[in-house]
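Written below as structure tokens is the structure these notes are about.
The values are calculated or read from the model by the stated rules, or taken from the named source; none is laboratory data. On a predicted model such as this, the values are computed, not experimentally measured, just so you know. Note that each Cβ is placed from the backbone with ideal geometry, even for glycine, and that neighbours are counted across all protein chains shown.
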Amino acid sequence: MDTPTERILLVENDPAISDLIVLQALRPLGYQIQLVEDVSTALQQIDRGAPDLVMADLTLPGLNGKDLLVAMGSQGLQVPVIVIAKKGQEQKVIQAFRLGGTDYLLWPMREAEVVSAVERALKQVRERRSRQHVDLQLKETNQELQERVRELTTIFGVGRAVLSITDQHLLFDKIVEGLVFVAEADFGWLLLRDETTKTFTLAAHRNLPKAWSERMGQTLDDGINPLVALSGETLAMNGEVLQRFKVASLGRSAVVVPVKIRKEVIGLLAVVRKRDLPFDRSMLTLLEAVADYASIALVNAHLFRALQEAARSAQDGEKGRMEPVQALARVILGRLQPVMDPIERLLAGKMGTLTEDQVQTLKRTQAALEDVLKLVSQRQAAQTGSTAGRANG
């Protein structure tokens with residue numbers, strides 16, 4: 001059987017009662033007993049550190065057990081109290097229960113009665129502590145779940161921004177904003193590789209001091225970035241080891257995550273905490289997820305630019321191919337339209353009398369020319385509409 005570890009405060013001035021409770025009943029079982037003879041001393045002891053159980057006599061001279069219950073209730077102390085009374089004082093026991101008493105013992109009593117009452121009271125103490133421990137664990141678990149939900153919501157928001165925002169500058173700002181929020185960091189920035197110089201330049205930031213933020217579009221050497229650019233691996237540092245690098249002027253904990261397309265590093269995401277609080281493995285995983293979204297954003301941006309250039313090239317090529325056709329149509333219309341007027345005048349008899357064969361021949365010629373003019377006009381109009389539609393699209 002395990003030795004009890006609970007502390008019991010006994011408030012009793014009768015040696016016979018205290019000897020029975022302390023020496024005969026509880027101490028042999030290993031209970032830690034503190035004996036005081038008056039309520040004032042008992043209150044001082046409780047103020048230094050509340051015991052697990054209080055046993056108090058209701059017949060003490062001066063302040064008695066009921067007064068102790070009142071004092072403990074006014075202080076909001078949730079310590080069980082077993083009151084001790086003499087047989088015939090049951091009415092005082094009832095009053096004590098109304099003031100918050102937990103159990104009672106009537107003198108004279110046996111050791112077994114004392115042990116039984118103490119065990120009942122301490123069982124309640126243990127159960128309450130167990131519930132408090134479970135409640136604390138549930139609270140901590142709930143806080144962790146809320147934190148995970150907050151982080152995942154931010155990650156989801158970054159992913160949605162990647163898919164919906166076409167403005168690169170705005171998109172990069174959203175990514176860095178999400179990075180700083182998830183990391184619970186004070187500073188954050190994004191560096192992108194210049195394809196011409198192969199250097200990494202500042203593309204977006206959050207909360208950087210003026211001396212750093214003024215380098216937008218320029219290289220930003222914090223001391224750690226070159227290491228990550230070469231290794232292609234996430235690097236986190238904190239404490240004294242960070243003092244070797246320029247980034248130490250911002251804070252005491254930092255991490256740099258590479259942004260990669262396939263295995264090639266095309267960007268670097270960095271966050272810094274002012275306090276010396278290292279980034280744990282789960283946090284690094286979340287930051288790497290943000291870096292993956294940044295990679296997708298860069299790929300989408302490249303594809304969008306490529307599609308725009310292809311569309312412009314196609315439009316220019318189509319325009320180049322259609323210009324000769326349009327020119328030929330204009331020539332045909334310009335040559336045939338003037339011919340129609342003399343034919344109409346001949347058929348109207350304004351230029352002399354025609355034989356029936358001449359009239360029929362002119363009508364066939366007129367119909368054929370009208371068909372040609374109509375076909376050329378329709379083709380020209382259709383081509384003009386198609387080109388305008390592509391330009392608007």
- [ ] Scan the range 27-51 for residues that are in a helix (DSSP H, G or I) and within 55 Å of the chain's Cα centre (by Cα) and report the count.
- [x] 11
Open item on the list: One residue is enough: does the range 177-194 have a residue meeting the conditions at positive phi, touching a helix residue (DSSP H, G or I) at 6+ places or on another chain (Cβ under 6 Å) and in contact (Cβ under 8 Å) with a residue 12 or more places away in the chain?
Closed with: no
Open item on the list: Considering only residues that are closer than 21 Å to ALA291 by Cα, assigned to a loop (DSSP other than H, G, I, E, B) and of a type in the set (Ser, Thr, Tyr), which ones fall in the range 191-243?
Closed with: THR199, THR234
TODO: Kindly check whether there is at least one residue in the range 225-248 that is among the charged types (D, E, K, R), assigned by TED's automatic domain parsing to the domain that holds GLN168, in contact (Cβ under 8 Å) with a residue 12 or more places away in the chain and under 16 Å from VAL180 (Cα atoms).
DONE: no
TODO: Kindly establish whether LEU106 is surrounded by 15 or more Cβ atoms within 10 Å (Cβ to Cβ) and touching a helix residue (DSSP H, G or I) at 6+ places or on another chain (Cβ under 6 Å).
DONE: no
- [ ] Answer with yes or no whether VAL22 is among the hydrophobic types (A, V, I, L, M, F, W, C) and over 21 Å from SER74 (Cα atoms).
- [x] yes
- [ ] Output yes when any residue across the range 62-79 is within 17 Å of LEU105 (Cβ to Cβ) and assigned to a strand (DSSP E or B), and no when none is.
- [x] no
Task: Selection within the range 8-57 - surrounded by fewer than 17 Cβ atoms within 10 Å (Cβ to Cβ) and hydroxyl-bearing (Ser, Thr, Tyr) - done: SER40, THR41
TODO: Mind telling me which of the residues ALA117, ALA85 ends up being surrounded by 15 or more Cβ atoms within 10 Å (Cβ to Cβ), among the small types (Gly, Ala, Ser), assigned by TED's automatic domain parsing to the domain that holds ALA50 and closer than 13 Å to ILE21 by Cα?
DONE: ALA117
Task: Residues satisfying the stated conditions in the range 81-135, i.e. within 18 Å of LEU29 (Cβ to Cβ), touching a strand residue (DSSP E or B) at 6+ places or on another chain (Cβ under 6 Å) and outside any helix (DSSP H, G or I) - done: ILE82, ASP103, LEU105
